[in-house]
1. Could you give the length gained by full extension between ILE111 and LEU32, i.e. 0.36 nm per residue of separation minus their alpha carbon distance, to one decimal place?
2. Using a 10 angstrom Cβ neighbour count of at most 16 plus a DSSP loop assignment to flag exposed trypsin sites (Lys or Arg not before Pro), which longest range of the chain is free of such sites?
3. If you consider only alpha-carbon coordinates, what radius of gyration and Dmax does the stretch 214-293 have, in Å?
4. How would you classify the stretch 30-102 from its alpha-carbon gyration tensor, with a ≥ b ≥ c the square roots of the eigenvalues: rounded for a/c under 1.5, else prolate if a/b is greater than b/c, otherwise oblate?
5. With every protein chain present, what is the per residue accessible area of the stretch 156-269 (1.4 Å probe, Å²)?
6. Going by accessible area, probe 1.4 Å, with all protein chains left in place, what is the ranking of ASP139, ASP75, ASP8, largest first?
7. Using only the heavy atoms of the protein chains and a 1.4 Å probe, how would LEU209, LEU187, LEU110 rank by accessible area, largest first?
8. How far apart, in nanometres, would the label points at PHE161 and ALA218 be if each is projected 7 angstrom from Cα along the Cα-to-Cβ direction?
Amino acid sequence: VTTSARNDAARNRALALFAAVGIGGSTLGLLLGGVVTEVGSWRWTLFINVPIGIAVLALAPHFVAETPRNPGRFDLIGALSATGAAVAIVWALTGAPEHGWTSAQTVASLIVGVVLLAVLAVTERRVTNPMLVPALLRDRRRLGALAVTTLVFGSQIATFFLVVQYVQRVLHFGPIAAGAAFLPMTLGIFAMARIAPKLVARFGQKPLLITGTLGLTASYVWLSNIDTTSGYAGAVLGPLLLNGVSAGLTFMPAASLVMGGVAPQHAGSASGLLQTVQQLGGAIGLAVVVSVY
């Protein structure tokens, strides 16, 4: 997405659409998952990735231009330590609500994850062709954007989980209706994908990040006031719409800060870092909220 853009304006438009598809696709997935679950079985939601993956493999060569290859040795230790750290941390956080935050399993998994992260940090400073380029983490603006992305994804995934519980258990929506309940959020995200690049060009990333995260916070506070007597139109529709608009204001400038100023040969490393903190953020946010819930 970033290496094929002609200029900054094209890159911002592409990143806005990428962010909208990423988080908007998650909400559409709730609707599609509801249809699959109601018509068939929840097990089909796991199989549905297979035909989608085959379609991607078939279509990508026709639409995605190959980037120049970088000669060098593969960073095997970096790849293994990064993957192992992510698996250990996510496994610990996912099991923490069931086993307890101070259980031997949770603590041991977290320790393993931290040790592997240390191995990764040492390795990436020493190898000639690191998988994760250390220079990417020396930019305070990029680190701030990564932190925002982690927190926002954690909050959003937790919101999905809790709102689904509410509309199904309290409002008695079926799977399809529960998925459709998130459409206002999806519409808000995709609407802002058209506007956010122009706003970034005029005001810069920082004002949009502040506005977007404040809007997200307001939507969470609004949702926290619902009770068993509330209805969808009066208590859920408004905050989900506000959430979608605010998320659309947040993700694109955060992604542009992470990917901005990155040399083409390091774009893969930077985008991998962005995707990783999104997934880890979602796992952490869901684990923490489920524990409280």
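The values are calculated or read from the model by the stated rules, or taken from the named source; none is laboratory data. Bear in mind the structure is a predicted one, so any value in this text is a computation, not a measurement. Cβ sites come from the backbone with ideal geometry, for glycine too, and all protein chains shown count toward neighbours. With ligands, DNA and RNA removed, areas are computed over all heavy atoms of the protein, side chains included. Shrake-Rupley method; radii C 1.70, N 1.55, O 1.52, S 1.80 Å.
1. Result for the pair: 24.7 nm of gain on full extension.
2. After excluding every exposed loop site, the longest remaining stretch is 74-293.
3. 16.7, 55
4. oblate
5. 45
6. Sorted by accessible area, descending: ASP8, ASP139, ASP75.
7. Ranked list, largest accessible area first: LEU187, LEU110, LEU209.
8. Distance between label points: 2.7 nm.
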